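One structure is given here, and the rest of the page talks about it.
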Amino acid sequence: MSVEFRILDSSDAAACQALRLRALKECPAEFSSSYEEERDTPLDRIAERLAPTTDDAVFGAFDGAVLVGTVGLHRLSKRKLAHKAVIWGVYVAPEYRRRGIARRLMERALAHAASMPGLLTLTLGANAANAASVALYKALGFEPFGVERGFALVDGALRDEIHMARPVVRPQVDAEVTHAGGCHCGRVRFEAVAPTRLVVTDCNCSICGKAGYLHLIVPKSRFKLLSGADVLTTYRFNTGTAKHLFCSVCGVKSFYVPRSHPDGYSVNARCLDEGTVEQLIVVPLDGKNWEKTHSAQPGHP
């Protein structure tokens with residue numbers, strides 16, 4: 001078995017709904033929602049919920065094309081609570097259990113949480129009768145802070161809920177290095193100073209989605225154009241704030257001036273040379289709803 005892990009998106013709506021309904025039907029005591037409440041949820045609503053945002057992500061485990069497990073991460077929206085996020089919807093199909101899939105899904109959620117600026121605390125609720133789940137959460141650093149007696153009434157029986165929390169743990173800041181990169185033909189070359197472990201954003205707006213651009217934001221003081229100023233062509237659209245810079249020879253956009261950081265640069269992480277990047281953490285960004293996304297979470301392209 002070779003299980004792959006990734007963040008779900010709108011195209012996974014049908015598979016996500018099927019697995020969710022199976023979970024609610026087969027394991028009703030593990031969830032506060034019910035099969036009857038969710039079975040008629042329109043598919044387009046689920047697709048909307050799975051659209052990538054800076055505050056929400058659902059992680060999936062796939063055996064080939066089959067979705068076999070999920071874990072959800074939701075950041076609280078209220079200003080005084082936005083330092084917290086909730087882990088929800090933890091489920092692995094029974095035939096795939098005892099293979100470490102739930103743990104690996106949780107680890108991806110924890111790593112993603114560490115990449116979310118300003119996030120300090122993760123919380124979750126666990127069925128007090130599910131000793132295996134409670135043990136997994138404790139092994140991952142979650143500590144109980146209370147037991148709610150009679151939390152849910154399932155098939156006529158009350159069940160207790162253990163409320164658990166853990167701090168968001170971020171890796172030590174890596175030493176910064178000078179990354180080199182450029183366009184395809186080599187006429188445009190640049191250097192950018194940034195950590196060896198990079199957190200970049202994958203924007204789904206009209207231009208980024210077509211280009212497959214991965215955004216690494218760097219201040220102007222940490223960027224140096226080495227060559228190619230004479231072959232750069234500027235393209236603007238919409239508000240005209242962003243300056244999209246393409247090599248006029250090969251057509252590649254290796255860096256540009258983004259709308260969110262007009263005093264800096266967004267470097268395309270795909271255009272960096274090999275050898276200086278140790279890890280690339282990709283965070284989805286809902287650029288289709290630019291105003292809403294950036295008013296809620298500044299600091300992205």
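The values are calculated or read from the model by the stated rules, or taken from the named source; none is laboratory data. What you see is a predicted model, and the numbers here were worked out from it, not measured in a lab. Cβ coordinates were reconstructed from backbone atoms using ideal geometry, including for glycine residues, and neighbour counts include every protein chain displayed.
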I'm trying to understand the selection: among the residues of region 210-223, which are touching a residue at least 24 places away in the same chain (Cβ under 8 Å), on the phi < 0 side of the Ramachandran plot, under 20 Å from the mean Cα position of the chain (by Cα) and not in a strand (DSSP E or B)? 211, 213
Within region 162-193, restricting to residues that are without any contact (Cβ under 8 Å) to a residue 40 or more places away in the chain and of a type in the set (A, V, I, L, M, F, W, C), the one that is surrounded by the most Cβ atoms within 10 Å (Cβ to Cβ) is 162
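Would you be able to tell me the number of residues in region 224-243 that are surrounded by fewer than 18 Cβ atoms within 10 Å (Cβ to Cβ) and part of a strand (DSSP E or B)? Lay out the reasoning, then the answer.
Filtering region 224-243 for residues surrounded by fewer than 18 Cβ atoms within 10 Å (Cβ to Cβ) gives 224-227, 229-231, 233-241, 243.
Next, from what is left, pick out any that are part of a strand (DSSP E or B): 224-227, 233-235, 243.
Of the residues in region 224-243, 8 are surrounded by fewer than 18 Cβ atoms within 10 Å (Cβ to Cβ) and part of a strand (DSSP E or B).
If you go through region 20-40, how many residues are assigned to a loop (DSSP other than H, G, I, E, B) and either closer than 19 Å to residue 151 by Cα or in contact with a helix residue (DSSP H, G or I) (Cβ under 9 Å, 6 or more places away or on another chain) (or both)? Even if it seems obvious, please write down each step before you answer.
Residues of region 20-40 assigned to a loop (DSSP other than H, G, I, E, B): 27, 31-34, 39-40.
Now narrow it down to the ones that are either closer than 19 Å to residue 151 by Cα or in contact with a helix residue (DSSP H, G or I) (Cβ under 9 Å, 6 or more places away or on another chain) (or both): 27, 31-34, 39.
Of the residues in region 20-40, 6 are assigned to a loop (DSSP other than H, G, I, E, B) and either closer than 19 Å to residue 151 by Cα or in contact with a helix residue (DSSP H, G or I) (Cβ under 9 Å, 6 or more places away or on another chain) (or both).
Check region 73-81 and report whether any residue there is under 23 Å from residue 16 (Cα atoms) and outside any strand (DSSP E or B). Steps first, answer last, please.
Filtering region 73-81 down to residues under 23 Å from residue 16 (Cα atoms) leaves 73-76.
Narrowing the set further to residues that are outside any strand (DSSP E or B) leaves 76.
Checking region 73-81: at least one residue is under 23 Å from residue 16 (Cα atoms) and outside any strand (DSSP E or B).
Being over 26 Å from residue 15 (Cβ atoms), at pLDDT 95 or above and in a strand (DSSP E or B) narrows it down to one residue among 147, 58, 68; which is it? So that I can check it myself, show each step before the final result.
Numbers: 58 fails: over 26 Å from residue 15 (Cβ atoms); 68 fails: over 26 Å from residue 15 (Cβ atoms).
Within the list 147, 58, 68, the selection yields 147.
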